[in-house]
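Written out below as structure tokens is the structure these notes cover.
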Amino acid sequence: MPDPRHKARELVLQALYEMDVAGHESAGALDRLIEEEGLSSQGARFARRLLSGVVERRAEIDAVIERTAPLWPAEQLAPVDRNILRIAIREFLLDNLTPVRAAINEAVELAKSFGSDNSPRFVNGVLGSLSEVGKPAASQQEVQ
């Protein structure tokens with residue numbers, strides 16, 4: 001049986017992608033995907049928590065991406081890569097939902113499944129840099 005948290009991440013990625021590309025409301029898209037996929041109640045709770053954290057803190061997360069990968073402003077990244085980074089940053093950097101290595105590994109797996117040929121390396125590089133540096137000091141101030 002697949003890990004419900006992995007499946008939850010896939011569905012959150014798809015909902016965020018719909019939000020970015022088609023302008024769909026992310027929570028509604030996620031609810032539809034959860035129902036279509038028959039995600040467990042545990043997985044659905046995790047997915048909703050993950051999605052709400054990304055959406056609520058998107059500006060802060062995008063600022064972290066831009067500081068870590070200054071040549072790639074968040075709005076210029078491929079939507080899949082941008083949203084994989086958003087999910088992982090929310091998970092390990094902002095809220096400690098998942099251990100760093102596990103979050104990075106999950107992000108790289110998502111990049112392999114849904115991104116371009118270069119996505120896994122790019123995602124791993126950005127998240128690896130963040131894991132070495134720790135939480136940027138400015139991100140604390142942006143929330144307030």
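Considering each residue of segment 70-92, count those that are touching a Ser or Thr at 6+ places or on another chain (Cβ under 8 Å) and buried (at least 19 other Cβ atoms within 10 Å of the Cβ), and give that number.
Qualifying residue count for the region: 5.
Looking only at segment 115-144, count every residue that is assigned to a helix (DSSP H, G or I) and modelled with pLDDT of 80 or more and tell me the total.
13
From the set of residues in segment 110-123 that are buried (at least 19 other Cβ atoms within 10 Å of the Cβ) and touching an Asp or Glu at 6+ places or on another chain (Cβ under 8 Å), which is nearest to residue 22 (Cα to Cα)? If you could, list the steps in order and put the result at the bottom.
Taking segment 110-123 first, the residues buried (at least 19 other Cβ atoms within 10 Å of the Cβ) are 110-111, 115, 119-120, 122-123.
Among the residues that remain, those that are also touching an Asp or Glu at 6+ places or on another chain (Cβ under 8 Å) are: 110-111, 115, 119, 122-123.
Values: 110: 20, 111: 20, 115: 18, 119: 21, 122: 24, 123: 23 Å.
Selected residue: 115.
Kindly indicate whether residue 107 is over 17 Å from residue 120 (Cα atoms), buried (at least 17 other Cβ atoms within 10 Å of the Cβ) and modelled with pLDDT of 95 or more.
In short, no.
Out of all the residues in segment 59-88, which are under 13 Å from residue 127 (Cα atoms) and either in contact (Cβ under 8 Å) with a residue 60 or more places away in the chain or among the small types (Gly, Ala, Ser) (or both)?
Hits for segment 59-88 are 64, 65, 67, 68, 69, 82, 83, 84, 86, 87, 88.
Within segment 93-104, track down each residue that is of a type in the set (Gly, Ala, Ser) and crowded, with 16+ Cβ neighbours inside 10 Å.
103
Would you tally the residues in segment 33-87 being closer than 12 Å to residue 11 by Cβ and of a type in the set (A, V, I, L, M, F, W, C)?
Counting residues in segment 33-87 that are closer than 12 Å to residue 11 by Cβ and of a type in the set (A, V, I, L, M, F, W, C) gives 9.
The values are calculated or read from the model by the stated rules, or taken from the named source; none is laboratory data. Just so you know, these numbers come straight off a predicted model, no measurement behind them. Reconstructed Cβ throughout: ideal geometry from the backbone, glycine too, with neighbour counts over all protein chains shown.
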